[in-house]
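Here the structure is laid out as structure tokens; the discussion comes afterwards.
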Amino acid sequence: MADLAEAHDRDAPGSLSFLACIGDEVTRETVNRVVSHLGTLQAKVRAGDLASARKAIDPKSPPDLMLLDISGNADPVTALDEILQLCPRTTRVLVIGSVNDVSLYRSLTSLGVIDYLVKPVSGEVLHDALAALLDDRGPEGSGGLQMRVTAFLGARGGIGTTSIAVSTAWYFVHEFHQRAALIDLDLHFGTLALGLDLEPGRGLREALEHPERIDSLLISSAMSSAGDRLKVLAGEESLDETMHFHAEGFDPLFELLAKDFDQLVVDLPRALDEGSRHVIANSDTFVMVTDLSLAGLRDALRIMDLVKRIGSKAAPVVVASQVGAPHRGEISQREFERGLGQGLDHVISYDPKAAVAMARNGKALPAAGRGSKAAEEILTLAQRLSGRETAKKRSILGRLWK
């Protein structure tokens, strides 16, 4: 297709910037009419394909909303993924194409695309889609995409809680194309960064002890990178130092991270101080990991009681880990569930070969032990925690194809 040709550039004042790159003239005219009717956008409607859209985006000033045409693109999912990496997570994207295919729709929504409209697109359908986007987003960015916080806590030590947390975040990034941050709140003995072969940054302790100092420069300097869209906040403080993090230290940190990440995974130490309890109470999902030992059952019950007393937003997701390990002194799953008073939500099998590969390679379990049973079981957990199914149910086509 020819180089980007601007067909429409609306300079009327508005609170949200909008970029549309549409290949055919008929659809462009429809977009122009709808945008004129809405009248609340700083809109640029242009002739072009995905390559043209990529050239049109200024990473320093990306659009708030985009409408992109994937017609004729041989690999639209990869091309869209590259475009989305140029934009902040708050940019919302609608896609138009000529192929009516459920698998394509699912691939697009896994990237974070809000909806996929099939040509020919009527003005009414496009108007409703854009209006819904504006209603959900709002001029102040409130009510739009929100970072999901998932807190992990092991009922016992050494049962793979950190490995499951890391693997879940890995799936958020590589399976669901989300931006994820990992925080290890055990600043004395945490192994999250070590497991990914990373040097812990310097600054997490300062941020939590002095929340008034939190800014993007401090947090970015404290982060270690496990990839383009997976970042780690961890520490390795002297054992001579005593630390106590208050609840008020976490809110400004999480608010700052919410500007850049879709998912925040927090690995909690078993010493539950005020700060850790605050994280549990305010996380979107709390995952309690246990083995099937009697000690695991005892401590799982104690943690579940604590969660109720501190007023957590949601009931714990209970995950049994290293199931089948000969050294764990397991009781049967039926006996464990009877003692727990409920069923287990997920079961992760004991997989020593995958665990050894993970340790040797400094990678998340799905990357080090591809195809292992444990990796597949963690993928099921990550699907539940990703929030993607919830997003799909809000989509017009998602409702049609459910």
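I'm told Thr242 meets every condition in (1) crowded, with 17+ Cβ neighbours inside 10 Å; (2) under 28 Å from Gly158 (Cβ atoms); (3) free of Cβ contacts under 8 Å to residues at least 60 places away in the same chain except one. Can you identify the failing condition by its number?
Tallying (1) crowded, with 17+ Cβ neighbours inside 10 Å; (2) under 28 Å from Gly158 (Cβ atoms); (3) free of Cβ contacts under 8 Å to residues at least 60 places away in the same chain, Thr242 fails exactly one: (1).
Kindly establish whether Leu292 is surrounded by 19 or more Cβ atoms within 10 Å (Cβ to Cβ), of a type outside the set (S, T, N, Q), in contact with a helix residue (DSSP H, G or I) (Cβ under 6 Å, 6 or more places away or on another chain) and in a helix (DSSP H, G or I). Can you show your working first?
On the way: surrounded by 19 or more Cβ atoms within 10 Å (Cβ to Cβ): yes; of a type outside the set (S, T, N, Q): yes; in contact with a helix residue (DSSP H, G or I) (Cβ under 6 Å, 6 or more places away or on another chain): yes; in a helix (DSSP H, G or I): no.
In short, no.
From the list Leu253, Leu233, which one is modelled with pLDDT of 95 or more and either hydrophobic (A, V, I, L, M, F, W, C) or open to solvent by 60 Å² or more (accessible area, probe 1.4 Å) (or both)? Reasoning before the result, please.
Details: Leu253 fails: modelled with pLDDT of 95 or more.
Testing whether each residue is modelled with pLDDT of 95 or more and either hydrophobic (A, V, I, L, M, F, W, C) or open to solvent by 60 Å² or more (accessible area, probe 1.4 Å) (or both) leaves just Leu233.
Filter the stretch 357-379 down to the residues that are within 19 Å of Asp291 (Cβ to Cβ) and free of Cβ contacts under 8 Å to residues at least 24 places away in the same chain and list them by number.
Listed by number, the list holds a single entry, Ser372.
State whether one or more residues within the stretch 70-83 are in contact with a Gly (Cβ under 6 Å, 6 or more places away or on another chain), of a type in the set (Val, Ile, Thr) and at pLDDT 90 or above. Give the derivation first.
Restricting attention to the stretch 70-83, the residues satisfying the condition of being in contact with a Gly (Cβ under 6 Å, 6 or more places away or on another chain) are 70-71.
Checking the rest, the ones that are also of a type in the set (Val, Ile, Thr) come to 70.
Pick out the ones that are also at pLDDT 90 or above and you get 70.
Yes, some residue in the stretch 70-83 is in contact with a Gly (Cβ under 6 Å, 6 or more places away or on another chain), of a type in the set (Val, Ile, Thr) and at pLDDT 90 or above.
Among residues belonging to the stretch 271-286 that are farther than 11 Å from Val307 by Cβ and not hydroxyl-bearing (Ser, Thr, Tyr), point out the one that is surrounded by the most Cβ atoms within 10 Å (Cβ to Cβ).
Kept after step one, since they are farther than 11 Å from Val307 by Cβ, are these residues of the stretch 271-286: 271, 273-276, 278-279, 282, 284-285.
Next, from what is left, pick out any that are not hydroxyl-bearing (Ser, Thr, Tyr): 271, 273-275, 278-279, 282, 284.
On the way: Ala271: 10, Asp273: 15, Glu274: 14, Gly275: 20, His278: 18, Val279: 23, Asn282: 18, Asp284: 16.
Within the stretch 271-286, the match that is surrounded by the most Cβ atoms within 10 Å (Cβ to Cβ) is Val279.
On the basis of being open to solvent by 70 Å² or more (accessible area, probe 1.4 Å) and closer than 23 Å to Glu376 by Cβ, does Pro326 make the cut?
Numbers: open to solvent by 70 Å² or more (accessible area, probe 1.4 Å): yes; closer than 23 Å to Glu376 by Cβ: yes.
So Pro326 fits the description; yes.
Please go through the stretch 151-175 and pick out each residue that is open to solvent by less than 10 Å² (accessible area, probe 1.4 Å) and assigned to a loop (DSSP other than H, G, I, E, B).
Hits for the stretch 151-175 are Ala155, Ile159.
Whether any residue in the stretch 58-72 is touching a residue at least 12 places away in the same chain (Cβ under 8 Å), surrounded by 16 or more Cβ atoms within 10 Å (Cβ to Cβ) and of a type in the set (D, E, K, R) is what I want to check.
Checking the stretch 58-72: at least one residue is touching a residue at least 12 places away in the same chain (Cβ under 8 Å), surrounded by 16 or more Cβ atoms within 10 Å (Cβ to Cβ) and of a type in the set (D, E, K, R).
The values are calculated or read from the model by the stated rules, or taken from the named source; none is laboratory data. Quick caveat, the model's predicted, so the values are computed rather than measured. FYI the Cβ positions are ideal-geometry reconstructions off the backbone, even for glycines, and counts take in every protein chain you see. Note: accessible area is taken over every heavy atom of the protein model, side chains too, but ligands, DNA and RNA are not part of it. Shrake-Rupley method; radii C 1.70, N 1.55, O 1.52, S 1.80 Å.
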